[in-house]
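The values are calculated or read from the model by the stated rules, or taken from the named source; none is laboratory data. No experiment lies behind these values; they were computed from the predicted model shown. All Cβ positions, even for glycine, are placed from backbone atoms using ideal geometry, and neighbour counts span all protein chains on display.
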Amino acid sequence: MGRGSAHIVDPDTGEIIDAYIFVGVMTYSQYAYVEAFINEKQRAWITAHVHMYEYFGGVAKILVSDNCKTAIVHNGGWNSSATKNCHC
């Protein structure tokens, strides 16, 4: 997820909150799924993936994550270390 210029407006207070954007793309079809979250915590990251796969109607055989800290502890190219809950 990345911080973009998107915002979420709280319907109760009218407060404008910065949004973190999750984007998932199916490699060959280039179908995209986009959702905004108020944080980049693990719960939001997993929720984004669940919603993405529901939207696509299934799961991909392989998931390639970007360099987000929610999933990757250390980026060493092909020797990257994933978090304990992510086996990317």
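So, Ala19, is that one at pLDDT 90 or above, under 11 Å from the mean Cα position of the chain (by Cα), of a type in the set (A, V, I, L, M) and surrounded by 11 or more Cβ atoms within 10 Å (Cβ to Cβ) or not?
Numbers: at pLDDT 90 or above: yes; under 11 Å from the mean Cα position of the chain (by Cα): no; of a type in the set (A, V, I, L, M): yes; surrounded by 11 or more Cβ atoms within 10 Å (Cβ to Cβ): yes.
Criteria not met by Ala19.
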Pairs please, first residue from the stretch 29-50 and over 19 Å from Val9 (Cα atoms) and part of a strand (DSSP E or B), second anywhere and small (Gly, Ala, Ser) and modelled with pLDDT of 90 or more, Cβ atoms under 9 Å, 6+ apart in sequence or on different chains.
Ala32/Gly24; Tyr33/Gly24; Tyr33/Ala48
If I filter the stretch 53-64 for residues that are touching a strand residue (DSSP E or B) at 6+ places or on another chain (Cβ under 9 Å) and among the basic types (Lys, Arg), do I get at least one hit?
no
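Could you tell me whether Asp12 is at pLDDT 60 or above, under 13 Å from the mean Cα position of the chain (by Cα) and part of a loop (DSSP other than H, G, I, E, B)? Step through it out loud before you land on a result.
Numbers: at pLDDT 60 or above: yes; under 13 Å from the mean Cα position of the chain (by Cα): no; part of a loop (DSSP other than H, G, I, E, B): yes.
Criteria not met by Asp12.
State the number of residues belonging to the stretch 10-59 that are touching a Phe, Trp or Tyr at 6+ places or on another chain (Cβ under 6 Å) and among the small types (Gly, Ala, Ser).
Of all residues in the stretch 10-59, those touching a Phe, Trp or Tyr at 6+ places or on another chain (Cβ under 6 Å) come to 20, 24, 33, 35, 37, 40, 44, 48, 52, 55, 59.
Those left that are additionally among the small types (Gly, Ala, Ser): 24, 44, 48.
Qualifying residue count for the region: 3.
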Inside the stretch 29-54, can you point out the residues that are surrounded by 14 or more Cβ atoms within 10 Å (Cβ to Cβ) and charged (D, E, K, R)?
Glu35, Glu40
